[in-house]
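Down below is the structure, laid out as structure tokens.
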Amino acid sequence: MNKYRIFLSSLLIIIMFSTSSCHDKLFDFNIDNIDADGNWGIPILNGTIGIDQLLNNTDSMHYVQTDENGVFKLVFEGDAENLVHMSNIFNIDNRTFDTTGVYMIDELPTFHIDQVLPFNLSTEDVILKEAVIKSGIMTLYFNITSANFAYTATLTSQNITDANGTPLSMTFSNTQHQQTLNLSNYTVQPDFTGIIYLSANITVNTTSQVNQITYECHNQFTNCALHSITGQLRAIEIPINSAFGFSLPLNNFHFNNISFNNAKLSLSEKNSLCAINGTINEFTLFGNQPPVAPLITNPITINLPLSPNQYTQAAEVNLLPIHINQNLDSIRMNCNFIVNPDGFAAGDIYVDENSSLSLRVKTEFPTNLSIDNAVYRDTIDNDLHKTFNFGTIQSIDLLTLRFAITNLFPFDLTPSIDFLNSQTGEIFHVNLNNMHIHGAYNNTPIESAPAYIDFNHDDAKKILNSDKVILTFRIDTNGNDVEINNTQNVRIALGAKISYSQISL
Amino acid sequence: MKKILFLIFVSITALGLNAQDGITLHFMRLNPYAPYLNPSMHLQYNGYVGVPGGSNVNASIINTSARYKTLFGENGDGTITTVKLNKFADQLSRKQNMLNSNISFNIIDFGFRTKPIFFSFSYRIRIDEYASYNKDLFNLPIHGNMAYVGEDNPARPDLRINTNVYQEIALGMQIDINSCLYIGVRPKLLFGLANVKTRYANATLYTDPEDYTMRMNYNIDASIASVIPYSISRDADGKVNISFQPKDFLKNWQNAFKNVGAAIDLGMTYRINNMFGVAASVLDLGFIHWTSYCNQVTGSISETSTQDDDGHFVFDGVTSEDLAEFMENPRELSDKIQEIFPIEVTETKAYTKSLASRFLVEGYCNLGKHHRLSALFQGRIVNKQFIPSFTVAWNGNFLNFFDLCVSYTMAKRSYTNLGLGVGFNLKVFHLYVATDNVFGFINKKSIQRGILNSHNANVQVGLVFDWGQTQERRIERKTRRNFEEITD
């Protein structure tokens, strides 16, 4: 039995030691490397881009419209408001009317003098029938200069009435020779001859015998603004130079020539003055180096009848083919308007302070055009380093981008991509293998052969070290006249293949 | 006193080790747990009692592919510095890689003989986990989709899981029909504790070699049940959160008996003559009906996504508007992915799942009274997959108390399983240790490393009290003792 116990105890000790572990480090991680060979192909982008999406990234979208056939057109529309208004026709300027007179007295102590100071507000262009004054000052002076006796003189005018229709009445005396009147809401109505009369009732206070008096009268109008006038107008010619600005963000475009065909001009007028005729002498596109191109060869005559509440079309003109080779910033118009072309024969005309002539100019450039070697170049910030650092991508042995483009646009495209380090000036040019996308001139989609662009570690470093990306597209219609419409687009399929063999952490 | 201390020491030692329903143990004829794989096996005792909670703690791991040395590279001091995904992916089996683990421990077990029947009773907790996956599951993320280009070469990752945690109350009966034929039946009452089972979890991915267009599909249908309340939710980032509420379970501990099931083990042994015999058994033929906190996890391509005629989601790139949106707001991308690849978790009322059954067919040849050669074929059916193995073994009994067994097992992708079992029958208790794969522990650094690097690792150690060796055995021992007295 002892032998069995010794044997058993020994066996158990062996079991105990064999089943207990020596000190062994297991699952003690300090990983710096993962052995993994991999090759992933991922489609990234598969979408179509039309003109409207391209332009959505610019501020020029509001210039782009489509016609009933879906053809895009550039439309520049601008209003020139209050080109002609009442002050162009008639004003009561600051002026003074003077008179001195001698009157033979026929009755004492009170006598009446008609026509103390007749004066005329009409001009050679306007025979005034009535003027309602908005604001202004009239300063009236009256003095009997021939004697020193006391007197009172009341000057009145039936031609000048206040808002209630009460005629003008101002009283002077030997001690008060001058008075000032606020002419707001006063109406001036000359008689049929156009004359405004001031008459006086004078009462003298003297025991002396007076047979005649000498008087002095001044009437001064200052800072008068009018509510309205009624009168007969001569035909008045008014020259107008107006510019309609727009800011097409074409700073990124450089081109030899882009030709637009079938451009059109529409003129609309809002006229609350009176009948007006006009001649547009010049209508010109302007750009960085003015002028760019005249849009009309011959002056255009337009009639602008009364249309006080809304714009109505006055003229529509086909414009010349336009060839531009620079940025555009405005359309300028030079014209002459003749207000009330029938002149005095037209009879009485009423205009008020709100009456004016406004013009709306709309120029349409359908994208019926040809493009000769235009270059679009845009520089955008390279934010890739915010998402990736070289550590995260250094495990990638090779990145291959696959581009496939199906072009429905009727122009050739040649893209180019460069990465710029603006501090060092280093430029990394991405090798697109001379990618050239042909235009679809027959409405048949053109599929380009897929281009494969490889990037290795050095390329990745240069890309991540750059802060700018320069995108350049050469655009050309190869001498063809093309139309750009909303059925055209470019389909871009972009995929990436990533190869890695060891991932370092 | 010494005997008691020795007993405690061995019990503690036994508790610290793992054991399994292993093959090697089955051939050790003196071991009271040998009939676990065949309830018809004739036990040479009149009764036994296991140490409560610790007589038969079993654990095994089968890991065909994800081994420690395959996955990790270490520097001189044992620190893992490299993860060897290439090596791991390249050595995977194309169709079936397994990571299975089985743990069980007896709470109470005993047996006794009332001629001609041997009754046995056991109450134990079992954890059976089966996971199998194919090569594509890991090869695709490691080597990328460009390894699967073309219409006839899709990636098809597949994962199958069948995990059961349950209580098993078994009442066994082994009946000697006659001197040649023994039968055994062991009906079992089961109470489920947790279950995760996939009906399917797979995907298909085609990649065009020219423009990398992907066509993909996936299907997930899994059932989850647990007696411990849990919730599955998804946060705004799409991350899945699972939280358990064990306190709620303690308040409603009766739920531990809510998921009822039944199973049966059947066995038959036929002694052709004194030399040869055959045996067969079927184990764990049964099911559990799960009713507590059942959820179903499903997923397939959303019907609103772009699909081809075969119902695959087609991805050939995003539009320029979507790309700009995703770059500006990455959450939009994750939302879109969740929309196309939804995973739904819905409460279900109840479901029934079968257990992973196994069958064994055995033949033996007695070489005298003390030696036996056996050959055994075993098959498991798990997740609609068949897992076979074949074992040959020699068992010898010495000096009336020493039981030795050496076995060799061939399994799928594993041909170096040398088993060894040693048992000591010391009057009233039986102490044993056995393993199906000695090489699973041999490692110059540590046993744990050996386990992590082996195809399968299991150890069976236990302590059980037995009594009443059968008449045949007693006579044999008495004869031998008389002979020894005479020679002394």
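Want the number for A:N303 to A:D383: 0.36 nm per residue separation, take away the alpha-carbon distance, what's left?
Values: separation 80, 0.36 × 80 = 28.80 nm, distance 5.79 nm.
Gain on extension, A:N303 to A:D383, equals 23.0 nm.
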Which of B:K412/B:K445; B:K353/B:K412; B:K258/B:K336 have a Cα-Cα distance over 32 Å? B:K258/B:K336
Restricting to lysines and to Cα separations under 26 Å from A:K362, and discarding same-chain partners fewer than 8 apart, the set is A:K73, A:K264, A:K270
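So what's the range B:293-386 giving for Cα Rg divided by 2.2 N^0.38 Å, two decimals?
Numbers: Rg = 26.8 Å, N = 94, 2.2 N^0.38 = 12.4 Å.
Here the Cα radius of gyration is 2.17 times the empirical estimate.
At 222 nm, what helix-only mean residue ellipticity would chain A give, in deg cm²/dmol to the nearest 500, using -39500 (n - 2.57) for each DSSP H run of four or more?
On the way: 6 runs with 45 residues, N = 505.
Taken over chain A, the calculation gives -2500 deg cm²/dmol.
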Could you tell me which of A:Q220, A:N182, A:M138 has its Cα farthest along the dipole of the range A:88-233 towards the positive end, charges placed at Cβ (Lys, Arg +1; Asp, Glu -1), taken about the Cα centre? A:N182
Binning at 10 Å from 0, report for chain A what percent of all alpha-carbon pair distances ends up in each bin. 3, 13, 14, 12, 10, 9, 9, 8, 7, 5, 4, 2, 1, 1, 1, 1, 0, 0, 0
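Taking the Cα centre as origin and putting +1 on Lys and Arg beta-carbons and -1 on Asp and Glu beta-carbons, what dipole magnitude results for the range B:334-437, to the nearest 20 debye? Numbers along the way, then the final one.
On the way: 11 positive and 7 negative charges, 77 e Å.
With Lys and Arg at +1 and Asp and Glu at -1, about 360 debye.
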If one puts a single equal scatterer on every Cα of chain B and applies the Debye formula without solvent, what log₁₀ I(q)/I(0) results at q = 0.09 Å⁻¹? -0.74
Can you tell me the dipole magnitude for the protein assembly as shown around its Cα centre, using point charges on the Cβ only (Lys, Arg +1; Asp, Glu -1), in Debye to the nearest 20? 10480 debye
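Could you work out the longest stretch of chain B that avoids the GluC sites (Glu not before Pro) located in DSSP loops with at most 14 other Cβ atoms within 10 Å? Numbers along the way, then the final one.
Working: sites that count: B:E151, B:E210, B:E303.
The answer is B:304-488.
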For the range A:472-478, just list the computed ³J(HN,Hα) in residue order, Karplus coefficients 6.51, -1.76 and 1.60, θ = phi - 60°, integers in Hz, with x standing in for Gly and Pro. 10, 10, 8, 10, 7, 9, 6
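For the range A:88-233, count all C-alpha to C-alpha pairs, find those more than 21 Å apart, and express that count as a whole percent of the total. Each step should come with its number before you reach the end.
Values: 4574 of 10585 pairs.
When all Cα pairs of the range A:88-233 are counted, 43 percent exceed 21 Å.
What is the dipole size for chain A, taken about its Cα centre, with +1 at each Lys and Arg Cβ and -1 at each Asp and Glu Cβ, in debye to the nearest 20? If you can, show how the numbers build up before the last one.
Details: 22 positive and 49 negative charges, 320 e Å.
Once rounded to the nearest 20, the dipole reads 1540 debye.
So if each residue of separation counts as 0.36 nm, and I subtract the Cα-Cα distance between A:T171 and A:V375, what length gain in nm does that give? Display every interim value, and only then the final one.
On the way: separation 204, 0.36 × 204 = 73.44 nm, distance 8.12 nm.
65.3 nm is the gain from fully extending A:T171 to A:V375.
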Hey, what's the Kirkwood Rh for the protein assembly as shown if you take every pair of different alpha carbons, in angstrom? 40.1 Å
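Evaluate the range B:90-176: find the radius of gyration of its Cα atoms, find its Kirkwood radius, and give the ratio Rg to Rh. Intermediate values should be presented prior to the final figure.
Details: Rg = 22.3 Å, Rh = 16.7 Å.
Taking Rh as the inverse mean 1/r over Cα pairs, Rg/Rh reads 1.33.
If each residue of separation counts as 0.36 nm, what is the full-extension length gain between A:A163 and A:S416 once their alpha-carbon separation is subtracted?
83.5 nm
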Sticking with the crude label model, points 7 Å out along Cα→Cβ, report the distance from A:N33 to B:T319 in nm, one decimal please. 4.8 nm
Which FRET efficiency value, to the nearest 0.05, is calculated for A:E107 and A:N223 with the Förster distance at 30 angstrom and r the Cβ-Cβ distance? 0.15
Under 17 Å Cα to Cα from A:K462, which lysines show up? Leave out anything in the same chain fewer than 8 places away. A:K386
7 Å from Cα along Cα→Cβ at both A:N325 and A:Q115: what's the point-to-point distance in nm? 7.3 nm
Plugging the Cβ-Cβ distance of A:A147 and A:N182 into 1/(1 + (r/R0)^6) at R0 = 45 Å yields, to the nearest 0.05, a FRET efficiency of 0.90
On a straight-distance basis, which lysines could pair with B:K427 in a cross-link, Cα separation under 26 angstrom, same-chain partners fewer than 8 positions away excluded? A:K3, B:K2, B:K3, B:K115, B:K369, B:K478
Between the residues B:Y218, B:N153, B:V196, the Cα farthest towards the positive end of the dipole of the range B:120-240, that dipole coming from +1 and -1 charges on the beta-carbon of Lys, Arg, Asp and Glu, is from B:V196
Rounded to the nearest 0.05, FRET efficiency between B:L99 and B:S231 (Cβ-Cβ, R0 41 Å) equals 0.95
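Computed from the coordinates by the stated procedures, all read-outs in this text should not be read as laboratory data. On a predicted model such as this, the values are computed, not experimentally measured, just so you know. With ideal geometry, Cβ positions are generated from the backbone for all residues, glycine too; neighbour counts draw on all protein chains shown.
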